[in-house]
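Some notes on the structure that comes next.
The values are calculated or read from the model by the stated rules, or taken from the named source; none is laboratory data. Note that the structure is predicted; figures quoted are calculated from it, not measured. All Cβ positions, glycine included, derive from the backbone under ideal geometry; neighbour counts span all protein chains shown. Just so you know, the surface numbers come from the protein's heavy atoms only, side chains and all, with ligands and any DNA or RNA stripped out. Shrake-Rupley method; radii C 1.70, N 1.55, O 1.52, S 1.80 Å.
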Amino acid sequence: MPVATAAAQGNGPGVRGARAAGLSNASVALAGEVWSMGNNVAGLSEIQQPTVGFYAENRYFSSALNVGALTVALPLGQSVGAAVADGAAPVQTAAARSWARHGVVAVEVQRFGAQLYNETRVGAGYGYRLGQISLGGRVDVLQVSIEGLGSRRVLLGTLGGQIEIVPEKLSFGASLYNLSQSKLASYQNERIPTVLKAGLAYRPSTQVLLLVETEKDVERNADVKVGLEYRPVPILSARLGLASLTEQASAGLGLVAGAFQIDYAAAFQQSLGFSQHVSVSKSWGK
């Protein structure tokens, strides 16, 4: 059944942010946004301002499959980066980029489902950048509740890494979700999915971003995902994505309005129908 299939996948890493959703979740190589907390925690390291974000998802027009997430990211310490010569104007290029001296911490609260079946996740993460390499880790407490059967809590760990192979052009990202293979229940040895993601992000120009990623659950076939983001003007983005295993196509739009980033995406799966995603984030400070 569609509902049972979707619910069974709920305690996996999931999607964070409508930008990632518009790219069919080809997001492991994305960095510098609050949604890196869920997509690849190493990407937190490029956040330079305190940021808060809210994400909502509705799967297949079913209220039992709603997802909501609130994430807050906080850079620690003054920004550091490549030095700028005395008297020279700083330019936002690969040579002048900066990041928080002591890394970035983030917390996330997420809920999936409704009264009959729901999952609540509370997580804390940290990302740190050194040169062209970023590393990160997060810990989650996941509670799964089924009406009439009670609740169960488990502790999960996730690691992530990213490297800029060619600064501002080509980067690689990888993430391992539930590295401890935490068990949800003794019955049939039921465990939280352990998921490995790896992918590349290539930027042939300042307006175009191409992404390719593979995601492998240890108990399922690999899912290959591709995404395209086009930014005709600095404040507007258009996105397309495809995923092979789920046979899903997606599209989305993004808008920058001052300190706000607003994104919307829709995804279509032939057997299950449409999903909708919306996210809003806001940054503070210089």
Subset of segment 122-138 that is touching a residue at least 40 places away in the same chain (Cβ under 8 Å) and open to solvent by less than 60 Å² (accessible area, probe 1.4 Å) - its residue that is farthest from Val15 (Cα to Cα): Arg129
Candidate set: segment 230-255, residues that are part of a loop (DSSP other than H, G, I, E, B) and under 22 Å from Ser281 (Cβ atoms); chosen: the one least open to solvent (accessible area, probe 1.4 Å): Ile235
Pick from Val154, Val109, Val141: which is assigned to a strand (DSSP E or B) and buried (at least 18 other Cβ atoms within 10 Å of the Cβ)? Val154
Of the residues Ala69, Ala64, which is out of contact with any Lys or Arg (no Cβ under 6 Å at 6 or more places or on another chain), at pLDDT 95 or above and closer than 30 Å to Ser271 by Cα? Ala69
Look at Ala201 and say whether it is touching a residue at least 60 places away in the same chain (Cβ under 8 Å) and under 19 Å from Pro13 (Cα atoms). no
Being of a type in the set (Ser, Thr, Tyr) and either under 21 Å from Asp140 (Cβ atoms) or surrounded by 12 or more Cβ atoms within 10 Å (Cβ to Cβ) (or both) is the filter here, so list the residues in segment 187-229 that pass it. Thr194, Tyr202, Thr214
